[in-house]
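Chemist: I have a structure I would like to understand better, so I am pasting it below and will then ask my questions one at a time.
The values are calculated or read from the model by the stated rules, or taken from the named source; none is laboratory data. Remember, predicted model here, so these are calculated numbers, not experimental data. Neighbour counts are summed over all protein chains in view; Cβ atoms, including those assigned to glycine, are modelled from backbone coordinates with ideal geometry. Only protein heavy atoms, including side chains, enter the accessible area calculation; ligands, DNA and RNA are left aside. Shrake-Rupley method; radii C 1.70, N 1.55, O 1.52, S 1.80 Å.
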Amino acid sequence: MLVTSTQRPRNVNVFQAAAILYGDWGTSKAYVIGLAFALAGYGSFWLIGAVSILMIMVGINYISICKFSPTGGGVYASARKHSQVLALIGAFFLLADYLITAALSGLSCFEYLGVSNPVSWTIGAIIFVGIINYFGPRHSGNLALAVAIATVCIVIILGIVCLPYFGEAARHLQPPEAGFWKNWDRFVGIIVALSGIESIANATGVLRLDPGCTAANPSVHEISKKAILWVMIEVCFFTTFFGFMINAIPGLRVVEGQVLSPENDPIRDAMLRFMGEYFVAHYWDGPTIAYLFGSLISIVFGVLLLSAVNTALVALVSLLFVMSRDGEMPESFQILTPYGVPRYPLLLTVAAVAIILVFVHDIASLANLYAVGFVGAIATNLGANASDHTLPMTKGERVFMWCTCGIMVAIEVTLFITKPEARRFAISIMTLGLILRMLVVEHRQRQWASKKVKPRHASLYAEDEKVPLHEGAILCAVRSIGKTLDFAMEEALRNKQPLYILFIREQKIITHDDLDRTWLDDDDACRIFDYAKEKASQIDMKYFYAVSDSPVDAVVNLVRKVHASRVILGLPRHSVILQLLRGNIAREIAEALPPDVDLIVIS
């Protein structure tokens, strides 16, 4: 018999969800304050305040989106319910967003660190992050949480250091310049502060369920609402506060789009570091303490920005993989590395970000390209949800979402009219995407014309979810034919115990189609199960197949389900570096297993 068990683990708690969102949304304050000052000088506070109000509006709408989409509320998933074309438009906007997120965050990181030739450093960092992701590193949620906590601590300390100069900032504050259209254009120019909110909507499928909910009737409203509110309050408050406190520093000048300090140093792209050094210098004589505090700000925000690079690359790879599964991108995008990571999407995204940085290597220019992607994605997502009358929204929620969508559409239109570089970039991304899709459709039509269905191994096993299980069985988790499987069969035969063989297809990105996959779709699983059946037909054996992005959860959940007394694992001999990236799976399984279950590891 074969029991198929595939379920995407929901193991991201509220703190990890908030940290993942903060790693994208929270980075904006690192560069938006300098960009705003470069546009409006000592009157930039009013622009930042207006953007913060819009951030609150969008955040409230995304609380509703996450509530109604517990299995994925990103723009691609939401728009696909209405129209395939609308989903493609949203996906291309999101692709443009993630590409520039990676480039902008990486460049801002090395601007903060003050290295020479930051573009070369950024390209090197992008390639390095891509290499790490090839191995499918784990525990990203915990790492994001640690980075977010460190950043929030530094932000709070900086805020306390600035606070005594509140009155001086108020005296230097200038009113906004006259003219609605001039201020609207400047407002659109710093809309980058809004980027990052899509990350929480895309993650609802892995958030822990609310108390009392089940996988059949999921809800992640409580976790997503808390994560969005926590991050939204921090981002809006401190971005606005620092945008106000920059007015306490006299003698700042704007020259050709760059902000110069009183000493004529360019500070636009590392404004928080300069603020830290300036205010701390008024507490302690000598430059040492101020320099150290500024360096600490640079390091913490640099790590946060690199985390945003990683988040953007992972999101890009995931989106291309899902689109390939849906038949919108080439089938080759589904080929995985031995560690479950889509190979060609990873190579393509790393190369694309590096190419962008070769041609565009200024933060202000990248910001112009940036906005057109995420503004279009947010507008599409809001419009798709607001027009979906199957969602149980209140009338107030729907009207509020339509109003916010209208503002985002107006911003997007403005970007297309006033930012020719952004317009060309968005059109280029959509053109390349549509060309790829047309090639995919043409290839699929040729396949359909010559396709002949040939069932594989259809008579070997019968699926039955009500297979009788035995207490005290041996569970053997394998990925290939070898001594681990042979040892498990020998143990089962010698001790006259039932043997349950588990094959896990490790895959870092799980789609809805994967939840319905069976062993018949996996040649490796067929080969292993056939081998076991032919070699030890006298053993009472049952076969389990799972597609999972967490092998540890898959093993432990099955042990509890079948009440196994022993677990036998086969693990390859990894290098020390690879173990550091991927973690010690055997140790994690040992820690998670019930105390009465023995673990045997064959390496």
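Chemist: Among 316, 305, 252, which residue has its Cα positioned farthest towards the positive end of the charge dipole of region 242-384, with +1 placed on the Cβ of Lys and Arg, -1 on the Cβ of Asp and Glu, and the dipole taken about the Cα centre?
Modeler: In region 242-384, that residue is 316.
Chemist: Here's another thing I want to ask about it. Grab the beta carbon distance between residue 83 and residue 523, set R0 = 35 Å, and tell me the FRET efficiency rounded to 0.05.
Modeler: The calculated FRET efficiency here is 0.45.
Chemist: Can you find, among 270, 349, 243, the residue farthest towards the positive end of the dipole of region 234-361? Put +1 on the C-beta of Lys and Arg, -1 on that of Asp and Glu.
Modeler: It is 349, whose Cα lies furthest towards the positive end.
Chemist: Same structure, new question: Taking Rh as the Kirkwood radius computed over C-alpha pairs, what is the Stokes-Einstein D of region 222-329 at 4 °C in a medium of viscosity 1.567 mPa s, expressed in µm² per second?
Modeler: Diffusion coefficient, whole number: 76 µm²/s.
Chemist: For region 79-153, just say rounded, prolate or oblate: build the C-alpha gyration tensor, square-root its eigenvalues into a ≥ b ≥ c, call rounded for a/c under 1.5, and beyond that prolate if a/b exceeds b/c, oblate if not.
Modeler: Taking the square roots of the gyration eigenvalues as a ≥ b ≥ c, region 79-153 is prolate.
Chemist: Tell me the label-point distance for the pair residue 237, residue 210, using the 7 Å Cα-to-Cβ offset, in nm and rounded to one decimal.
Modeler: That separation, rounded to one decimal, is 2.5 nm.
Chemist: Place a +1 charge on the Cβ of each Lys and Arg in region 200-355 and a -1 charge on the Cβ of each Asp and Glu, then give the dipole magnitude about the Cα centre in debye, rounded to the nearest 20.
Modeler: The dipole of region 200-355 has a size of about 300 debye.
Chemist: Something else now. Counting each DSSP H run of 4 or more residues in the chain as -39500 (n - 2.57), what helix-only mean residue ellipticity at 222 nm follows after dividing by all residues, to the nearest 500 deg cm²/dmol?
Modeler: Helix contribution divided over all residues of the chain: -20500 deg cm²/dmol.
Chemist: Say the dipole of the chain comes from +1 at the beta carbon of Lys and Arg and -1 at that of Asp and Glu; which of 603, 125, 157 then lies farthest toward its positive end?
Modeler: 603
Chemist: Quick check: the angle from helix 271-280's long axis to the longest principal axis of the chain, C-alpha only, nearest 10 degrees?
Modeler: 60 degrees
Chemist: Nearest 5 is fine: what % of DSSP beta bridges in the chain come out antiparallel, could you say?
Modeler: Bridges in the chain that DSSP calls antiparallel: roughly 15 percent.
Chemist: Ok, one more. Please determine, in degrees from 0 to 90 and to the nearest 10, the orientation of helix 523-535 with respect to the longest principal axis defined by the Cα atoms of the chain, where the helix direction is its Cα long axis.
Modeler: Once rounded, one gets 20 degrees.
Chemist: Further question on the same structure: Report the charge-dipole magnitude of the chain in Debye, nearest 20, computed about the Cα centre from +1 at each Lys and Arg Cβ and -1 at each Asp and Glu Cβ.
Modeler: Here the chain has a charge dipole of around 980 debye.
Chemist: Follow-up. Over the chain, what percent of the accessible surface lies on carbon and sulfur atoms, probe 1.4 Å?
Modeler: Of all accessible area on the chain, carbon and sulfur atoms account for 63 percent.
Chemist: On C-alpha positions alone, give me the angle between the axis of helix 29-40 and the longest principal axis of the chain, in degrees, nearest 10.
Modeler: 30 degrees
Chemist: If we sort 523-529, 546-552, 480-486 on the protection proxy, mean other Cβ atoms within 10 Å, highest first, what's the order?
Modeler: Values: 523-529: 18.0, 546-552: 22.7, 480-486: 15.9.
Going from most to least packed, we get 546-552, 523-529, 480-486.
Chemist: I want to check the label-to-label distance for residue 260 and residue 387. Put each point 7 Å from Cα in the C-beta direction and report it in nm to one decimal.
Modeler: Modelled inter-label distance: 5.0 nm.
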